[in-house]
Amino acid sequence: MILSCQNIAKAFGTEEIIRDASFHLEEHEKAAIVGINGAGKTTLLKIIVGELAPDGGSVTVSRGKTLGYLEQHQAVSDDATIYSVLLEEKRHLLDMEQKLRSMESEMKRLKGGALQDLMNSYNRISTEFERQNGYSIQSEVTGVLKGLGFEEQDFDRKVHTLSGGQKTRVALGRLLLSSPDILLLDEPVNHLDLASIAWLENYLLNYKGAVLVVAHDRYFLNRIVTKIFEIERGTVTTFTGNYSDYAQKKAQIREIQWKAYLNQQQEIRHQEAVITKLRSFNREKSIRRAESREKMLEKIEVIEKPAEQNDEMRLTFSPSIVSGNDVLTVDGLSKSFPGKPLFSDLSFTIRRGEKVAIIGDNGTGKTTILKLINGLISPDAGTIQTGSKVMIGYYDQEQQVLHMEKTLMDEVADTFPEMTNTQVRNLLAAFLFTGEDVFKRVKDLSGGERGRLSLAKLMRSSANFLILDEPTNHLDITSKEILEEAVRNYTGTVLYVSHDRYFINQTATRILELKHRTLINYIGNYDYYLEKADILGKLHAPAKESEEKESRTTAKDDWTRKKEEQARERRRRNDIQKTEEKISELEERDREIDTLLALEENFSDALRCAELGREKASILEELEELYARWEALSEE
């Protein structure tokens, strides 16, 4: 066990967020905290890392183990570049490398025992440096940056110039490179495109430490975690398995709870009816029996009504009229911005009843396509035609279609003047805006609240062609499931951009992948796309595939070359050590010969003197060669 939480309690004022929560995390285990927005997931993470003090209970981390925490929102304002910020996480290895270079320089000036001691230290540090993959620092940093969606031309950008989402990706990269024993991640897949999310999944699956994550991406949770901690009404419950296992077990538990609640309510109503009947007899015995039953009722421990699974938000889309069969026809569409070409010659059609998802990496132009269709920006080339009786309803992730200075009441009432105040209030209440909330200004709402307001307007619009830009952003899992059901049951047509693979899998009948500045068509959901993506991707972009293959080959060659260089360096150090040992051995023998020649028994013996002289000359000749060899090796 690497992390243990015992009887954690936390309240803000009179609102109890968490009560008596106990759970644990094993070494190398991957787990998730789930719950509706406001349930206390982030609060629990902050308690674990010590940013918030619990009102009760304790958090225990195994001795010597380290914690790393990624917050949802980052306040990074570093003046350094993206690359240097991540490289700094390997400072201990950079210092070790500098120490090795310094020792190599010092070796040229030392001899004998001092040199031998330095060589021993050098070999020890070098071995540790190699064990920690010191020779691959730069490639590791580059791999993490590219995995998180940064291009090489981004590496020299200053961190303080980045957007909030980009800063979060930098913070995530730093955290991954620091390799703590326990990773705590709060919504790590926000701001990541599909390719980066897939990269992060593989990274975490192979991560040697433990991981505790808060995420609303159910596809991500299914791949990563083997344990779920659910927060519901302040209570934390542990479930084993991934998200699908949790959802199945939760449904079974909910059914059992509802049956128990309904059976008890039925029994209570039955007893109350019997009591009323007994009292109506107005006899002493019947009244005593009624009082006895009342006492029994008072002792019953009443089962609390289970929370409704989908009572947080009520969402139904209903088109007012049926559109023609051809809803949208796009032909030869092209768009670029200064210094950034997005796509060219895109052509596709959408027919009535289709649910079409546009997917692709960040920055490829997915949202731009939606804006072009809605007439918010103009294309460089191409035509966009909507079909007969098509009425568009647009959900904008940037909420540019909302008026920031208006109140929620005015925002809805001005858009739908035929609605009465009561109808406006009822619509807003269906999206969790009640009481004084309806008089808040749009600009004062959170991203999630603005999303709910946009969905409320969209539901009332009676459109028959919904265009949705990242509709699941800021929604908790329960709200996502409500939206999924509404989209599935919608009889009109839907075109949307999303990074939520689970949502895509549940709702899409067709996928358009924007890749290599063109669209690739997949007739199916996300699972079908995964099955066919490699085949169709190669057919549509052989040149790009060739480039990527060449890039992979180059990377492999670089790795091989680096390994060969490392092997050569090890051989060079071994050769230096052996040369120095041989020099020491010959110098010692040369001194012995000088001592022998000074002895009378030797200098009076001509044959002996000649023999020692020849040996000395041979030694000096060999030493000259060894000195030259040592000098050459040291200069390499």
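Take the Cα of Lys389, go 7 Å toward its beta carbon, and the backbone nitrogen atoms of the stretch 472-494 under 19 Å from that spot belong to 490-494.
Computing semi-axes √(5λ) of the Cα gyration tensor in Å for the structure here picks out one of (i) 50, 31, 25; (ii) 68, 37, 20; (iii) 40, 36, 22, namely (ii).
Using C-alpha pairs below 8 Å separated by at least 6 residues, the relative contact order for the chain is 12 percent.
Fully extending the segment from Ser4 to Leu297, taken as 0.36 nm per residue of separation minus the present Cα-Cα distance, adds 101.4 nm.
Applying a threshold of 20 Å to the alpha-carbon distances of Lys335/Lys443; Lys41/Lys443; Lys30/Lys208 flags Lys335/Lys443; Lys41/Lys443 as lying beyond it.
Taking 16 Å as the straight-line reach from the Cα of Lys99, the lysines in range (excluding those fewer than 8 positions away in the same chain) are Lys90, Lys108. In straight-distance terms, cross-link reach from Lys299 covers every one of the lysines whose alpha-carbon lies under 26 Å from its own, apart from those fewer than eight places away in the same chain; here that gives Lys259, Lys277, Lys285. A crude spin-label estimate for the pair Glu152 and Leu52, with each label 7 Å from Cα along the Cβ direction, gives 4.5 nm.
Distance between the pseudo-spin-label points of Asp245 and Asp605 (7 Å out from Cα toward the beta carbon): 8.6 nm. Most tightly packed first, judged by the mean number of other beta-carbon atoms within 10 Å of their residues, the peptides 181-191, 243-253 read 181-191, 243-253. Paramagnetic label reach from Ser334 (point 7 Å along Cα→Cβ; backbone nitrogen cut-off under 19 Å): within the stretch 352-373, residues 364-366, 368-370, 372-373.
Filter Lys167/Lys515; Lys146/Lys167; Lys46/Lys158 down to the pairs with a C-alpha to C-alpha distance above 18 Å, please.
Lys167/Lys515; Lys46/Lys158
Placing pseudo-labels 7 Å out from each Cα toward the beta carbon at Ile619 and Ser139 gives an inter-label distance of 4.7 nm.
Of all DSSP beta bridges located in the chain, what percent are antiparallel, nearest 5?
Counting only bridges with both partners in the chain, antiparallel ones make up about 55 percent.
Once you reduce the stretch 435-487 and the stretch 5-24 to the center of their Cα atoms, the two points are 30 Å from each other. Judged by the mean number of other Cβ atoms found within 10 Å, the most tightly packed of the peptides 600-613, 361-374 leads the ranking 361-374, 600-613.
Bear in mind these aren't lab numbers, they're just calculated from the coordinates by the rules spelled out. Since this is a predicted model, take the numbers as computed values, not measurements. Cβ sites come from the backbone with ideal geometry, for glycine too, and all protein chains shown count toward neighbours.
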